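One structure is given here, and the rest of the page talks about it.
The values are calculated or read from the model by the stated rules, or taken from the named source; none is laboratory data. Predicted, not measured: the structure shown is a model, and the values here were computed from it. Using ideal geometry, Cβ is built from the backbone for each residue, glycine included, and neighbour counts are taken over all protein chains shown. Surface accessibility is based on the protein's heavy atoms, side chains included, excluding ligands, DNA and RNA. Shrake-Rupley method; radii C 1.70, N 1.55, O 1.52, S 1.80 Å.
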Amino acid sequence: EAQVTQNPRYLITVTGKKLTVTCSQNMNHEYMSWYRQDPGLGLRQIYYSMNVEVTDKGDVPEGYKVSRKEKRNFPLILESPSPNQTSLYFCASSAPSGADTQYFGPGTRLTVL
Amino acid sequence: QQQVKQSPQSLIVQKGGIPIINCAYENTAFDYFPWYQQFPGKGPALLIAIRPDVSEKKEGRFTISFNKSAKQFSLHIMDSQPGDSATYFCAANTGFQKLVFGTGTRLLVSP
């Protein structure tokens, strides 16, 4: 089954404790992206990657890091989480041309205390 | 800044009604306008999309109307059903998959 998976699905942590949210896709997509979803703000892009070792900032990159060492994986790293990073996070992937559809993962709900 | 403005924020219709969700944009470089549907606890999923060279696109009960001169597009759901209750996001894309999303509309279709 073609899918994007994220782990963990739910996470409660404390300020300053480094964490990583993993994202993996099995569709051989070149493009991957991270979004955060907040009430009244919709989905905002954090970082995106056009291919392995190619990443760039989205609209709200502050406080986040990413890496793309393998085509299928695109982890999101919060090195020192703060309460304002409490949000619902989505990973998405797509092919770079022709198919503009982005396939989203199930989401990770993060709470930073 | 919000590059795609979406309204209303929430919408309640009776079964069989035709909810309409509107979006407006400023950037004339946008060339792809998808709508995503999101059910509680799930990620958004592509519902229907349109390019600016057509004024309307229908897929089943879902229709996008596009007005290039006004820089507006809208989603109509014909014969709405309780199963259509979800949050709907419009979006716009300038290529390379950099989607800009609206703020979302929570739709409730009452039985």
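The table that follows gives values for the structure above.
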item	result
Point-charge dipole on Cβ atoms (K/R +1, D/E -1) for chain B, about Cα centre, debye to 20	120 debye
Listed residue (A:80, A:51, A:90) projecting farthest to the positive dipole end of chain A, Cβ model	A:80
Viscosity 0.692 mPa s, temperature 37 °C, Stokes-Einstein D of chain B from Kirkwood C-alpha radius, µm²/s	235 µm²/s
Karplus (6.51, -1.76, 1.60) ³J(HN,Hα), θ = phi - 60°, over the range A:73-89, in Hz, Gly and Pro reported as x	10, 8, x, 10, 10, 10, 6, 9, x, 10, x, 6, 9, 5, 5, 9, 10
Value of Rg/Rh across the protein assembly as shown [Cα atoms, Kirkwood radius]	0.97
Between B and A, accessible area buried - total, square angstrom, nearest 100, 1.4 angstrom probe	1700 Å²
Residue B:71 paired with residue B:22, simple spin-label distance in nm, labels 7 Å along Cα-to-beta-carbon	1.6 nm
Net charge dipole size for the range A:1-99 [Lys, Arg +1 and Asp, Glu -1 on Cβ; Debye, nearest 20]	240 debye
Accessible area of the range B:1-106 belonging to carbon and sulfur atoms, whole % at 1.4 Å probe	50 percent
The range A:5-58 - Rg and Dmax from Cα coordinates, angstrom	13.1, 35
Accessible surface, per residue, of the protein assembly as shown when the full set of protein chains is kept, probe 1.4 Å, Å²	48 Å²
Solvent-accessible area lost in complex, 10 Å² minimum, residues of the range A:24-55 relative to chain alone, 1.4 Å	A:31, A:35, A:37, A:40, A:41, A:42, A:43, A:45, A:48, A:50
Residue pairs, from the table A:57/B:68; A:17/A:69; A:18/A:71; B:15/B:71; A:71/B:68; B:71/B:98, whose Cα atoms sit over 26 Å apart	A:57/B:68; B:15/B:71; A:71/B:68
The protein assembly as shown, dipole about Cα centre (Lys/Arg Cβ +1, Asp/Glu Cβ -1), debye to the nearest 20	400 debye
